[in-house]
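What follows is a set of notes on a single structure, which appears directly below.
The values are calculated or read from the model by the stated rules, or taken from the named source; none is laboratory data. Just so it is clear, the structure is predicted and the values come from calculations on it, not from any experiment. Cβ atoms come from the backbone with ideal geometry, glycine included; neighbour counts cover every protein chain shown. With ligands, DNA and RNA removed, areas are computed over all heavy atoms of the protein, side chains included. Shrake-Rupley method; radii C 1.70, N 1.55, O 1.52, S 1.80 Å.
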Amino acid sequence: MRRRFVRSKGLILLFFAVIFSFGILGQVDTRMHIGGSDWDLDSLIYINVDEYLYTLDSQDDFGQPAPTAETLAALDGAVQSVERPQVAVLDAPAEQEAEGSAAAAPSRAESALQVATPPVAAPPKVEEKKEDKPTIFVHKVNPGETLWDIANAYGVSVDSIISANELRNPNMLSVGQELNILSVQGVLHQVATGESLWEISERYQVALEEIARVNNISDPSRIMPNTKIIIPGATQLRPKDVLIINGQLQKAFDWPVTGRISSPFGPRWGRMHNGLDIAVNTGTPVRAAADGRVTFAGWNGGYGILVIVDHGNNVETRYAHNSRLNVKVGQTVTRGQIIAYSGNTGNSTGPHVHFEIRHRGNPVNPQNYLKGNL
């Protein structure tokens, strides 16, 4: 009977020992996540080693203290986990966290370990390169300053300054004189009345698109008269000789021939002489004084063989007493083009060219509107 009691008591003690050992293993499993999810780095870092060893020592049935090697191994595992940031808690699936003990609440240690992953560098911001537009500087001439000095200071050519300012004598500059200086190689062109960007492009042999781009012209078909535009790459100013500005005739006509003035404009022999007589030998080429269209070419009474050129804006020129023609009606002519050859036809006392300029049908004195002198 005593043996049976001792045996039963032993079984009971063994039963409680087993239950008690499961309790200890449960605590170890809770702290070490044996068979659970990935290492909880937060719990490992904040383990109180002294408290942990004391608990194991006081609850061990066999009276042996827990080896410290396990704690060191656990801490060593924490270090290894830091070296492998890919096993961080945030990467673990939700179902794996449920298999272990209650998941630890996130802490500052967890976030500190997660930043071990190097951030991805943002792509560098590339600033858009803005193309510089040509600029027009205004320079006031200083005492003792030459055109070469100014050109060298601005890094442009002397010809560019001459053309941009229509300087007749580059060696004569006055103190305080204002000069237009371009920041690029080119000339400064002033748009004439009735002049189109297409005409300017053709005259300078520079692409219309390039002129529009440089001058920021959005609509090339609409440019205002007297506007100054830069012609990039041009070396010589080629302005259009505008015949009419604000309804007024300009000094913009070329001489039809070179010779002596035998009879001026005005009253003569009791009647009005409507033109200018220029004495030349028969057969001398007669040239158009400006661009236009031939409206008459043939015999016309006292004029003899006559050529009339219409220049638009109610302006026309007449060339009389020719010996023969070189154009026909309806033909477009350009400034300086040969339109006839001088002679002595019609009411004429000798070989000469009778030249007239008429505005709105009224004759004017040609000498007031011809460029230069004979």
Task: Inverse mean reciprocal Cα-Cα distance (Kirkwood Rh) of segment 147-251, Å - done: 14.7 Å
Task: Most to least packed among 250-258, 356-364 [average Cβ atoms within 10 Å] - done: 250-258, 356-364
Open item on the list: At 0.36 nm per residue, and after removing the present C-alpha to C-alpha distance, how many nm does the segment from TRP198 to ARG360 gain when stretched out fully?
Closed with: 55.5 nm
Task: For segment 179-237, the spread of Cα positions along each principal axis, largest first, Å - done: 26, 22, 20
TODO: Note down the nm distance, to one decimal, between modelled labels 7 Å out along Cα→Cβ at LEU14 and at TRP299.
DONE: 15.7 nm
Task: Backbone HN-Hα couplings from phi across segment 292-298 [Karplus 6.51/-1.76/1.60, Hz, Gly and Pro as x] - done: x, 10, 6, 9, 8, 8, x
Open item on the list: Cβ neighbours within 10 Å, averaged per peptide: list 324-330, 299-305 in order, most packed at the top.
Closed with: 299-305, 324-330
- [ ] Specify the inter-centroid distance of segment 200-223 and segment 288-365, based on alpha-carbon positions, in whole Å.
- [x] 34 Å
Open item on the list: Below 8 Å, C-alpha to C-alpha, sequence gap of six or more: please give me the relative contact order for segment 172-293 in percent.
Closed with: 23 percent
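To the nearest 0.05, how large is the calculated FRET efficiency for ASP254 and GLN205 if R₀ is 25 Å and r is the Cβ-Cβ distance?
Taking R0 as 25 Å, the efficiency between ASP254 and GLN205 is 0.70.
If you roll a 1.4 Å probe over segment 141-281 with all protein chains in place, what percent of the accessible area is carbon or sulfur? Working shown, then result.
Working: 3840 of 8010 Å².
Accessible surface attributable to carbon and sulfur in segment 141-281 totals 48 percent.
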Task: For q = 0.10, 0.12, 0.23, 0.24 Å⁻¹, Debye-computed log10 I/I(0) when each Cα of segment 227-324 counts as one equal scatterer - done: -0.38, -0.52, -1.39, -1.45
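Given contacts defined as C-alpha pairs under 8 Å and at least six residues apart, what's the relative contact order of segment 270-352, whole-number percent?
Normalised by residue count, the contact order of segment 270-352 is 37 percent.
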Task: Whole-Hz couplings from phi, Karplus 6.51/-1.76/1.60, listed for segment 165-180; x for Gly and Pro - done: 10, 6, 6, 7, 10, x, 7, 10, 10, 9, 4, x, 5, 8, 10, 7
Open item on the list: Would any residue of segment 178-203 have its amide N under 15 Å from a label point 7 Å out along Cα→Cβ of ILE136? List them or say none.
Closed with: 178-193
Task: Spin-label pair ARG271/ASN152, simplified geometry with 7 Å Cα→Cβ offset, distance in nm - done: 6.6 nm
TODO: Multiply the residue gap between ASN226 and ASP310 by 0.36 nm, knock off their C-alpha separation, and tell me the result in nm, one decimal place.
DONE: 27.8 nm
